[in-house]
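Here the structure is laid out as C-alpha cells; the discussion comes afterwards.
Computed from the coordinates by the stated procedures, all read-outs in this text should not be read as laboratory data. As the structure is a prediction and not an experimental result, all values here were calculated from the model. When we count neighbours, we look across all protein chains shown, and the Cβ atoms used for this are built from the backbone with ideal geometry, even at glycine.
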Amino acid sequence: MSTIFAARQFSTSAVSNHIMKLTRLRVVDNSTIGKQAMAEGKPPRCIHVYNKKGIGTIGDKIMVAIKGEKVKAIIVGCVKEQKPNIPRFDSNNIVLIDDNGTPLGTRINVPIPIVLRTILKEKTFSKGADYTKLLAIASNYV
Amino acid sequence: MLLKTLNFHRFKCGFAPVLRASRLFSNSPPSDVQQPSDESISGKQVKPERKSVVPSNSRFIYPEFLPDPKIEWRNSLREKLERMDMIQRRKHIDIPEFYVGSIMAVSSSNQHAPNKATRFVGICIQRLGCGLRANFTLRNVIKHVGTEMKYQLYDPTIQKIEVLRLEKRLDDELLYLRDAPNEYSTFDENMEVEYLPEGAPVPVNPEMVKLKPRPWRARWERKNMKGLADLGLEDRFYERAEELATPWEKYDLMKQYRKTIPEEEQKEIFAEVYSELHEVEVMRKKLKRKKVFIKPTKNV
C-alpha cells in the first residue's frame, strides 16, 4: 500500500527546451570559428537574448560565447514545441553574424524555416543591420 | 443549461454503457468489434437498417468526429456545428484515412514561401485533438537534422494531404523516434504513392526501434511501448518502472468511461454524419478513378 502512495509525492514538469542564458547551441554555418568550436566539442553558449522575455525563438538575435569570444548570432531553429506550420528541429541551430547582420560563414547546411524570411525582413530597417543576407546563404527551406 | 442536462443524462445512464465502451476502446483491431445484437430494445425510435450501414471502424477512420470525453469541455451544440464545418471542409479537399505510422505528404499555401506553397513529407508520429482542432505531426530527417511539422487537419491553407504509405505501427504515438537514430525517421521527399488493394486491411508495420543510449526525452522504460527493442538499461531502471506501474488501471471501468465516448453516443454521432461522409467518399473515389489515367511520357 505504501508504494501506491509513495508513487508521486512531488510534481514534475516536462522539459521546456527554452533558449536562454547558458543554453548550449549548435552552429550550422561553415564559418571557421563555428566549425572549430563544434569540432572541439565546445559548442557555443548563449550569454544574452536580445528581447524582453529573455527566451529566444526562431529569428531572435542572441549573443554567444564561442571559443572565448563574444559573437552575435541568429536562431534559425529550436527544439521547443512550435505552433502549427512552423517546424521544430532536433537541435537548437544558430548562424553567426557580425554587427551589420552579415553572416560569418558562406553556407548553411541544414533546413531553415520559411517563416524566417518574413521575420528577418520585418526586423531589418533601412539604416540598421541587414539580417536578410542570412537568407541568401541558406540551401534548404522547410 | 444544455450542458447541465447533458451531464445529468450521462450520469443517469452512467453504468450501462461502461462495459461496452471499455471493450470498444481496447487496443484490438477494428475487425473484432461487432455490432451488439440487442438493437431491438431501442429499435422503435430509430430504424435498425439505417444504423447498420455505419461501419464499425468509423471511429478509427474519423476519430476527430468524436468529441473530447472531458465532461467540462462538452457542448453538444458546438460539437454539432463543428461537425457540419468539418464535412463542409471535406467536400473541398480530400482528407484521406491515415494512422500514426503512415507516411504522408502535405502541400499547403505558405505566405512566407517564395512560390507561396510548400510540401512536407514525413511519418505521422502523433495525432491529437478532436473537432476542428484535430492536428497531426509529421517527422522527417532533412539533411541529417530531425524536422517536425505540426498541421491542423482542417486548416484552410492546406491544399492537399496525400498518404504515401498507409500503415500502422505498434504504438499509438511514435514520439520515441526523437530519441532513435536518424535512419528510423528518414523518408525520401520524392516518394511514390504505394497503393493498397481495395478493401484490404491496413497493414501493421512490426518494426522494432532501437534507441540511442540515454539521455532521452522521456523515460521510455516506464511507458510500456510495444515498438521499442531492448533498451539496454541497468536493472534498477526496470525495477523502478515496475514500482511505478499501474496495471490495475485497465480494470478501472469508471476511469475508462470518463476517458471514452460511450458506444451509444458514438453511434448517434456517426449516424448523423455518415451519409454525408459516405457521399464525399464516393465522390473522391470517382475523381480518383478519373485521375488514374497517366499520360505516357517520352523515354529517351
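Below, the figures for the structure above:
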quantity: Enumeration of residues in the range B:115-167 that are among the aliphatic types (A, V, I, L, M) and more than 19 Å from B:E64 (Cβ to Cβ); calculated: B:A117, B:V121, B:I123, B:V141, B:I142, B:V145, B:L164
quantity: Residue within the range B:262-281 that is farther than 25 Å from B:S102 by Cα and surrounded by fewer than 11 Cβ atoms within 10 Å (Cβ to Cβ) present; calculated: no
quantity: Out of A:I86, A:I108, A:I66, sole residue that is among the β-branched types (V, I, T), surrounded by 13 or more Cβ atoms within 10 Å (Cβ to Cβ) and either touching a Cys at 6+ places or on another chain (Cβ under 8 Å) or more than 14 Å from every other protein chain (Cβ to nearest Cβ) (or both); calculated: A:I66
quantity: Matching residues, the range B:138-168, being at the interface with chain A (Cβ under 10 Å from one of its Cβ atoms), of a type in the set (V, I, T), closer than 17 Å to B:N110 by Cβ and surrounded by 17 or more Cβ atoms within 10 Å (Cβ to Cβ); calculated: B:I142, B:T147, B:I158
quantity: Only listed residue being over 23 Å from A:V76 (Cβ atoms) and of a type in the set (S, T, Y), chosen from B:Y151, B:Y184; calculated: B:Y184
quantity: Selected residue (only one of B:N75, B:N57 is more than 14 Å from chain A (Cβ to nearest Cβ), closer than 25 Å to B:G227 by Cα and polar (S, T, N, Q)); calculated: B:N57
quantity: Residue within the range A:114-126 that is within 14 Å of chain B (Cβ to nearest Cβ), surrounded by fewer than 17 Cβ atoms within 10 Å (Cβ to Cβ) and in contact with a Lys or Arg (Cβ under 8 Å, 6 or more places away or on another chain) present; calculated: no
quantity: Test: residue in the range B:244-255 that is of a type in the set (S, T, Y), surrounded by fewer than 19 Cβ atoms within 10 Å (Cβ to Cβ) and assigned to a loop (DSSP other than H, G, I, E, B); calculated: yes
quantity: Residue ID - nearest to B:P247 (Cα to Cα), chosen from residues in the range B:177-229 that are surrounded by 17 or more Cβ atoms within 10 Å (Cβ to Cβ) and either in contact (Cβ under 8 Å) with a residue 60 or more places away in the chain or over 23 Å from the mean Cα position of the chain (by Cα) (or both); calculated: B:E221
quantity: Check on A:G56, away from chain B (no Cβ under 14 Å), within 24 Å of B:M149 (Cβ to Cβ) and buried (at least 17 other Cβ atoms within 10 Å of the Cβ); calculated: yes
quantity: The listed residue being within 30 Å of B:Y176 (Cα to Cα), crowded, with 17+ Cβ neighbours inside 10 Å, within 14 Å of chain A (Cβ to nearest Cβ) and not aliphatic (A, V, I, L, M), out of B:R127, B:R119; calculated: B:R127
quantity: So A:R45, is it within 14 Å of chain B (Cβ to nearest Cβ) and of a type in the set (D, E, K, R); calculated: no
quantity: Entirely in the range B:93-175, the strands (runs of 3 or more DSSP E) that have 3 or more residues that are of a type in the set (A, V, I, L, M, F, W, C); calculated: B:103-109, B:117-128, B:135-142, B:158-165
quantity: Output for the range A:28-50, where each listed residue is charged (D, E, K, R) and surrounded by fewer than 20 Cβ atoms within 10 Å (Cβ to Cβ); calculated: A:K35, A:E40, A:K42, A:R45
